[in-house]
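The values are calculated or read from the model by the stated rules, or taken from the named source; none is laboratory data. All figures in this text were calculated on a predicted structure; none of them were measured in a lab. Cβ coordinates were reconstructed from backbone atoms using ideal geometry, including for glycine residues, and neighbour counts include every protein chain displayed. We work out accessible area using only protein heavy atoms, side chains counted, and drop any ligands, DNA or RNA first. Shrake-Rupley method; radii C 1.70, N 1.55, O 1.52, S 1.80 Å.
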Amino acid sequence: MDAESYTDRELMVAAAAREIDDGDAAFVGMRLPLIAFQVAVSTHAPNAVSVFESGVVRDDPASGFLHTMCDLPNLDRALSTTSMVDIMSRLQRGEIDVGFLGGAEIDRYGNLNTTRVASGSSEIRLPGSGGACDIACLSRRTVVLMAHEPRRFVERVTYNTSPGHGDGGDWRARESVAGGGPETLVTTKATFGFDDGGELYVESLHPGVTLDEIADDFPWDLKTAAEVTDDPIGRTDPPSGDVLELIREFDPDGFWTR
């Protein structure tokens, strides 16, 4: 397998998979996280468990390609097929280590909007929260995946569907929001962390991307790892040949990753 030939989304899947530690209970959403969990449990996290809002819990890859979490291959050989109430109760009991989220907008403190955005003089209604607000509030940590587009990065989200670090600092503690909040943002150009005050900073750039290319995409002065951790900005590791082979096994037609 040629590890040099991969798409931006395949790189995102590989980066997202690394965010799942062995033994984690991962609340897996739609699209790329469907693939990322399967990669993680097949490589470095064999003891991880995936939890789906639809009620499915499993500890191994699905038996076939997944368009959605409700597809039959996700039910086949699952540990359990329960109810949404059971799954959301796991969140409330603090049993979810990492939750995956997406959004139309993200702001400097990791708050996400999937509810409504402005388009000129009009307003566009988006799908809304689903279980995203619960995942954002109650997971021990969250990982956000989204395309890297300037319109998605805003000083303050138009609508706070899924709270991140609020307005920064100890906001989550002050508001009694139980989970740990966003820890990582993975885009098609870079990976980002959040500092002790909850503010977004660039941690690593994907191969071929420069800081100048992304800095102007943000309506604030974007911090870098050098300012936050004293480490230089790194390079995101591309998917290895073995990982790329797994990604294409789990998404053979590139439905999610092309």
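The simple spin-label model puts a point 7 Å past each Cα toward its Cβ; for residue 196 and residue 258 those points are separated by 4.8 nm.
Full extension of the chain between residue 59 and residue 210 yields a length gain of 50.6 nm, computed as 0.36 nm times the residue separation minus the alpha carbon distance.
Model label points for residue 80 and residue 22, set 7 angstrom from Cα along the Cα-to-Cβ axis, are 2.5 nm apart. Helical content alone sets the calculated 222 nm signal of the chain at -6500 deg cm²/dmol, taking -39,500 (n - 2.57) per DSSP H segment of four or more residues and averaging over every residue. Distant-in-sequence amide contacts of residue 235, defined by a placed amide H-H separation under 5 Å and a gap of 5 or more residues or a different chain, comprise 205. Spatial offset of the stretch 10-38 relative to the stretch 83-159 amounts to 16 Å, using the alpha carbon center of each.
The accessible area of residue 171, taken with all protein chains in place and a 1.4 Å probe, comes to roughly 40 Å². Residues of the stretch 169-203 with amide nitrogen under 14 Å from the 7 Å Cα-to-Cβ point of residue 217? The answer is 185-193, 201-203. Taking amide H atoms as placed 1.01 Å from N in the peptide plane, the amide H of residue 224 lies under 5 Å from those of 202, each 5 or more residues away in sequence or on another chain.
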